[in-house]
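Heads up: the structure comes next, in structure tokens.
The values are calculated or read from the model by the stated rules, or taken from the named source; none is laboratory data. Just so you know, these numbers come straight off a predicted model, no measurement behind them. Calculation scope for accessible area: heavy atoms of the full protein, side chains included, ligands and nucleic acids excluded. Shrake-Rupley method; radii C 1.70, N 1.55, O 1.52, S 1.80 Å.
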Amino acid sequence: GLEATFAYFAYDRAGLGTVELGYIFMIMGLAGAIVQGGLVGQMTKRLGEGKVIQIGIIGSAVGFTLILFVQDFLTAAIFLTVFGLGNGLIRPSVSSLLTKKATSGYGQVTGLLSSFDSLGRIIGPPLGGMLYGIAIFMPYVSGIILSVLALGIYYLYMNRTNALEGHA
């Protein structure tokens, strides 16, 4: 829902127009490309997918939080980039972790991941728009809440996986 509501939010909070938003999304996209193009691989080799996923989720939550404090072009660019960097760490790391943990059916695992990604792209914009209609900060607060839930689900998954591996 961020992409669906951020233009309105940035206009309401900082008076940013379409050209400024274009530059902001370009900056965020470049930073994300750099992260996904090389940094994720280096980080996962050094820290492992699990830690990179945790860092990404926390980075996304911090980005959502910072977005609530947008005041001008510079803060919008920095805060949205923080969100984008966190988000950019998550997907490749989750994909890598799932394919490493899967004992068979790699196509099914990656297909399911892709389906959930698509589901988020389908539900996100109308839900974000609805929440924005309630209060302009709601899409970002809900993003913070979802990030915390995702981190909790990750911890549950890892605890369950570790318990199963301990009993094997």
Rounded to the nearest 500, the 222 nm mean residue ellipticity computed for the chain from DSSP H runs (n ≥ 4, each -39500 (n - 2.57)) alone is -30000 deg cm²/dmol
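How much of the accessible area of the chain, probe 1.4 Å, is carbon plus sulfur, in whole percent?
68
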Applied in sequence order to the stretch 13-22, the curve 6.51 cos²θ - 1.76 cosθ + 1.60 (Karplus, θ = phi - 60°) yields integer Hz couplings, x standing for Gly and Pro, of 7, 10, x, 7, x, 5, 5, 4, 5, x
Expressed in angstrom and rounded, the centroid-to-centroid distance over alpha carbons for the stretch 16-30 and the stretch 79-124 is 24
Residue-ordered couplings for the stretch 143-152, obtained by feeding phi - 60° into the Karplus form 6.51 cos²θ - 1.76 cosθ + 1.60 and rounding to whole Hz (Gly and Pro as x), are x, 4, 4, 5, 5, 5, 4, 4, 5, x
Rounded to the nearest 10 degrees, the helix 106-134 long axis (Cα) sits at an angle to the longest Cα principal axis of the chain of 30
For the stretch 9-168, dividing by residue count, accessible area per residue (probe 1.4 Å) in Å² works out to 58
Matching label for the computed P(r) over Cα pairs in 5 Å bins from 0, in percent, out of (i) 2, 9, 15, 20, 20, 15, 10, 6, 3, 1, 0, 0; (ii) 2, 9, 18, 21, 19, 12, 7, 3, 3, 3, 2, 1, 1, 0, 0; (iii) 2, 8, 12, 15, 14, 11, 8, 7, 6, 5, 4, 3, 2, 1, 1, 1, 0, 0, 0, 0, 0, is (i)
Longest principal axis of the chain (C-alpha) makes with the long axis of helix 49-67 (C-alpha) an angle, in degrees to the nearest 10, of 20
